[in-house]
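Participant: Okay, here's the structure, questions in a sec.
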Amino acid sequence: MEASFTEAYELHVDAIYRFILRLLGNPTDAEDMTAETFLRAYQSWSELLDSASVRAWLFRIAYNGCIDLMRQRQRYWTVPLDTTAADEMAQAFTSPATSTETPLKELIRSESVEFLQEALLQLRPIDRTVLVLGELEGTSNREIAEIVQRSETAVKSLRQRARKALRDEVLRLLKQRNTSLKDLF
């Protein structure tokens, strides 16, 4: 039992942390919730029936923990980003391959990432979740449905609405800052 839990931890800890960080927007909260996720998983490891669904099960534990934390703190709509959080978010969104970019391209990428993260954090938690899992983690609709306990059809609909909500939020933020997408990217 412990060997397979250790393997699951090593295989999924980075993805779970990135997911939580994108949902909560705070590195300290993300570290705490990642630890809490794996503690809960370890405590319930014997109840896991299908070892093929470990990834979805871990994401579901993380998702439920994030929702609980947001409810406790009543952070449904905004999560402030401090400088450290923005730096970690930029690292979580960008791939290691970007380190060969020129300094100007890296600056533009980090500003774009911060802007998109700010827009993402304005969305409802369920919208954030389906976008982060589907668009950033590459999770299938079936697996997302398992994580958020919705039907696959509902997830498809949620993803479409979440994309529209993100687009609307980006446009709102651009208008608020009196800038355009061309200036940002």
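The values are calculated or read from the model by the stated rules, or taken from the named source; none is laboratory data. Please read all numbers here as calculations on a predicted model, not as lab measurements. Note that we place each Cβ from the backbone using ideal geometry, even for glycine, and neighbour counts take in every protein chain shown.
Participant: Look through GLN122, GLN117 and report the one residue that is within 16 Å of the chain's Cα centre (by Cα), at pLDDT below 90 and farther than 27 Å from SER53 by Cα.
Facilitator: Just a single option satisfies the conditions, and that option is GLN117.
Participant: Let me ask another. Restricting attention to region 1-26, report how many residues are assigned to a helix (DSSP H, G or I) and over 12 Å from the mean Cα position of the chain (by Cα).
Facilitator: The total comes to 12.
Participant: Would you point out which residue out of GLU106, GLU169, GLU135, GLU111 is surrounded by 13 or more Cβ atoms within 10 Å (Cβ to Cβ), more than 19 Å from the chain's Cα centre (by Cα) and modelled with pLDDT under 95?
Facilitator: GLU106
Participant: Return a yes/no flag: does region 36-46 have any residue that is free of Cβ contacts under 8 Å to residues at least 12 places away in the same chain, in a helix (DSSP H, G or I) and of a type in the set (Val, Ile, Thr).
Facilitator: no
Participant: Checking the structure you have, find out if any residue of region 143-153 is more than 18 Å from TYR63 (Cβ to Cβ), touching a residue at least 24 places away in the same chain (Cβ under 8 Å) and more than 12 Å from the chain's Cα centre (by Cα).
Facilitator: no
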